[in-house]
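Scroll down for the structure; my scribbles are underneath it.
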Amino acid sequence: MTRILVVDDEPQILRALRINLRARRYDVDVAGTGAAALKAAASHPPDLVVLDLGLPDIDGVEVIRGLRGWTSVPIIVLSGRAGSEDKVAALDAGADDYVTKPFGVEELLARIRAVTRRLGASNEAVPALRIGRHTVDLADHRVHHDDGTEVKLTPTQWSVLEKLLRHPGKLVSQRQLLQDVWGPEYQHETNYLRQYLAQLRRKLEDDPARPRHLITEPGMGYRYRP
């Protein structure tokens, strides 16, 4: 059973999500503060985190960074902050998706299903691939720099990267990437792709401003150039 940690300081939201998620056979833990969330995640590691950014003790972005220090668990952010800068900060810190309050429970459930589909996706054997000074092993979900250090990627970053690396040299359309990674309901969310490709370039390309391997084809999609 998938364990979900819901973090929000509004008791009515915690109660509503706990009821709805348990009704759909998820195992649910709840926390009302950032400190409680970090403690709960360490004590009973979740399979997915639903996190409010506006917590009373620790900003949600800092909670994301705290989690990313030791786990790649998927994180879906809930927030009343509608500004794009808040979304960018959350995604850059390691969040996998972002839902703005007020939200519909069915929308959140759809995003949870999309993330869990990615977690369940098979990883058939492929040879190790190179991006600049990095070796990517998709089967083991590991990236190593030539100096031996490991590069950590979130589940969504892995999904985007894998879609490109499994089709070397070929154009992968924006629509195909959005549908395969997030689901058919996200086919127009091209800003997601810009955010995640920028993150991957910062982690993997020698010069993120002039990428040699993770290439944008303007208006069409993206390409992995071996």
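Below, the figures for the structure above:
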quantity: The stretch 68-226: Lys pairs at Cα distance under 19 angstrom, eight or more positions apart or on different chains; calculated: 4
quantity: From the coordinates shown, percent of Cα pairs over 24 Å apart corresponds to which of (i) 59; (ii) 44; (iii) 49; calculated: (ii)
quantity: Candidate residues MET220, MET1: accessible-area rank, largest first, probe 1.4 Å; calculated: MET1, MET220
quantity: HIS167 accessible area, 1.4 Å probe, all protein chains in place, Å² to nearest 10; calculated: 70 Å²
quantity: The chain - accessible surface per residue (Å², probe 1.4 Å); calculated: 48 Å²
quantity: Summed side-chain charge close to ALA90 - residues other than ALA90 whose Cβ falls under 13 Å, Lys, Arg +1, Asp, Glu -1; calculated: -4
quantity: Beta bridge orientation in the chain: antiparallel %, DSSP, nearest 5; calculated: 50 percent
quantity: Accessible area of the stretch 79-226 belonging to carbon and sulfur atoms, whole % at 1.4 Å probe; calculated: 50 percent
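The values are calculated or read from the model by the stated rules, or taken from the named source; none is laboratory data. Just so we're clear, the structure is a prediction, and the values are computed from it rather than from any experiment. Positions of Cβ are generated from backbone atoms using ideal geometry, with glycine treated the same way; all protein chains shown enter the neighbour counts. Calculation scope for accessible area: heavy atoms of the full protein, side chains included, ligands and nucleic acids excluded. Shrake-Rupley method; radii C 1.70, N 1.55, O 1.52, S 1.80 Å.
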